[in-house]
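Worksheet for the structure shown next.
Bear in mind that the values in this text are calculations on the coordinates, not laboratory data. Note that the structure is a prediction, hence the values are computed from the model and not measured. FYI the Cβ positions are ideal-geometry reconstructions off the backbone, even for glycines, and counts take in every protein chain you see.
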């Protein structure tokens, strides 16, 4: 069984492996948008099609270091995910609500 | 002991109570920016002073529904916290990195 599982892991992309490993460790994987897209096994073209924009625009967006919350949220939703904005304090975490809530809820 | 604790809770602001309750329940409190500021027992004036902007600007910012990631991060850092961008997928969570990383690290 262990061999089969490790073989399965080996067939995954390095990004997908990182995501699976983090889950095993009960840690959260941390990666830039471009790596996240690869971990989801999606191409820029696939994202572009969902968002009705050009592939060049997706490429450009992945290189940005700052953007509107709505842009980031739309991009993550195009990957099939949802975005949480989490404020960390020494005594706890708080999810920020009422900020660019998804329009399809 | 229980009485003393409940008395302590009663003296807290409703927002701080919500944050404490969520921690007890091991759930994450969820609130808009304005409530988060109150939970931290901070005034708009205090935030404005940290950010070297007017109180009116802080007030305006708290009413916005979309903004740059950097704006949100700066605001949360002014409250003594840090911002995490978390993408949720059915099979796990991923922290988005390389996006408007804090400049003071």
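Some observations on this one:
- Shielding by other protein chains, B:27-34, mean Cβ within 10 Å: 5
- Put in order of Cβ neighbour count within 10 Å, fewest first, the listed residues B:40, A:38, A:11 become A:11, A:38, B:40.
- In plain terms, the residue of A:28, B:61 with the fewest other Cβ atoms within 10 Å comes first and the most crowded comes last, giving A:28, B:61.
- By other beta-carbon atoms within 10 Å, ranking A:74, B:71 with the fewest at the front produces B:71, A:74.
- Alpha-carbon centroids, region B:44-90 and region A:53-83: separation in whole Å: 21
- Per-pair calculated FRET efficiency, R0 = 35 Å: residue A:91 and residue A:34 via Cβ, rounded to 0.05: 0.55
- Scattering from region A:31-95 was approximated by placing one identical point on each alpha carbon and applying the Debye formula without solvent; log10 I(q)/I(0) at 0.30 1/Å stands at -1.48.
- Paramagnetic label zone (point 7 Å from Cα along Cα-to-C-beta, residue B:98; backbone N under 19 Å) in region A:45-62: A:45-48, A:55-62
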